[in-house]
1. Sort Arg138, Arg283, Arg71, Arg108 by heavy-atom solvent-accessible area, probe 1.4 angstrom, most to least.
2. How much solvent-accessible surface does Leu210 expose, in Å² to the nearest 10, with a 1.4 Å probe and all protein chains in place?
3. Roughly how many nanometres apart are two label points built 7 Å out from the Cα toward the Cβ at Glu28 and Thr187?
4. Can you tell me how much longer the chain between Val307 and Tyr7 gets when fully stretched, taken as 0.36 nm per residue apart minus their C-alpha distance, in nm with one decimal?
5. Taking the Cα centroid of the stretch 155-203 and of the stretch 5-52, what is the distance between the two, rounded to the nearest whole Å?
6. Please work out the average accessible area per residue across the chain, using the 1.4 Å probe convention, and give it in Å².
7. If we restrict to alpha carbons, what Rg and Dmax does the stretch 169-222 come to, in Å?
8. Ordered by residue, what ³J(HN,Hα) values in Hz, to whole numbers, does the stretch 232-248 give under the Karplus form 6.51 cos²θ - 1.76 cosθ + 1.60, where θ = phi - 60° and Gly and Pro are x?
Amino acid sequence: IPGGFGYKFEIDFAGSDISVTDAIISYEDGPLKLSVGQMNNFQSLEELNSSRWSSFMERAAFTDAFGFDRRVGVAAEVDVTDDIMLQAGVFTDNMSDLPGDRWSGDVRLVASPKVGDAQLHLGGSLHYTDVGEGDTVRYRQRPLVHFTSQRFINTGSMGARSETGFGLEAAAIAGRFHAAAEGYWQTVDMPALASDPTFFGGYAEAGVFLTDDSRGYKGGKFDRTKPQRPVGEGGFGSLQFTLRYDHLDLNDAGILGGRQAGYLASLIWKPTDYTALLVNYGRLQYEDAVLPAANGDTSYGVDAFGVRAQIDF
């Protein structure tokens, strides 16, 4: 579209449902970009990374547990300098939940300097959600893979007035190596409790390419990996191995939703720029799980294994 205008429209055919993910009209003028429609609301590096080039099949546990989702709203992004970007927006509910009575304000600041040949990423974000009169929130999560409906940690529905979130992000790419870590604190204003609970989620990961390749980065988030020697052009493609520790704590102020500690491994083979095969394994350790074992124990381990083949175009 001429004149600085652009658009993005994306539909998800997951399971038996058809849903709209992104539906955005945008306008760019130099360092400023304005957007209106349904979009991600600047919550977390992990959430903003496309699932097409994430290091694991599923995103970190806290992004799903705390209800990060695309929402309808208006947003502005500005490149303060070549290395600093500021994002902010005001949002309501997801398109599928409209009309709704929730609204949220989100701000994210990212610095992405280069030190020699290394790409660094440092970010922070603030979020506030007005839940709505008489509404509830619920935080829960699956064991790594999302093709199971089983959730071993779950706060249950809780009466709430608002949510306040604070996130920190850090990442680095240096040749074949990359590392990333995030922490996110979610405080819930609950009139029924004497003190408001604060739940925490975060992860730390480190990865290496076993081939002469590197992870992509662009616009304050990870980008597509492009194999130096793809299959079909005399090469093997790229091979990436990543380890991650993923933590989610849903216990606080008398709420016993449980704790999940994930020890995860991922192997990704990319024959070409647009094809990939992912193999993931996770060992999930639980405390105060909401589903007791046969002997009544609520502290135990669960193993999860998943494979994904993908092509995008």
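1. Heavy-atom accessible area, descending, gives Arg138, Arg283, Arg71, Arg108.
2. Counting only protein heavy atoms, Leu210 exposes about 100 Å² to solvent.
3. 3.7 nm
4. Details: separation 300, 0.36 × 300 = 108.00 nm, distance 3.26 nm.
Contour length minus Cα-Cα distance gives 104.7 nm.
5. 22 Å
6. On the way: 15300 Å² over 313 residues.
On a per-residue basis, the chain sits at 49 Å².
7. Cα-based Rg and Dmax for the stretch 169-222 come out at 17.5, 56 Å.
8. Coupling constants for the stretch 232-248: x, 10, x, x, 9, x, 10, 9, 10, 10, 9, 10, 9, 10, 10, 10, 9 Hz.
The values are calculated or read from the model by the stated rules, or taken from the named source; none is laboratory data. Bear in mind the structure is a predicted one, so any value in this text is a computation, not a measurement. Backbone-built Cβ (ideal geometry, glycine too); neighbour counts: all protein chains shown. For accessibility, only protein heavy atoms count, side chains too; no ligands or nucleic acids. Shrake-Rupley method; radii C 1.70, N 1.55, O 1.52, S 1.80 Å.
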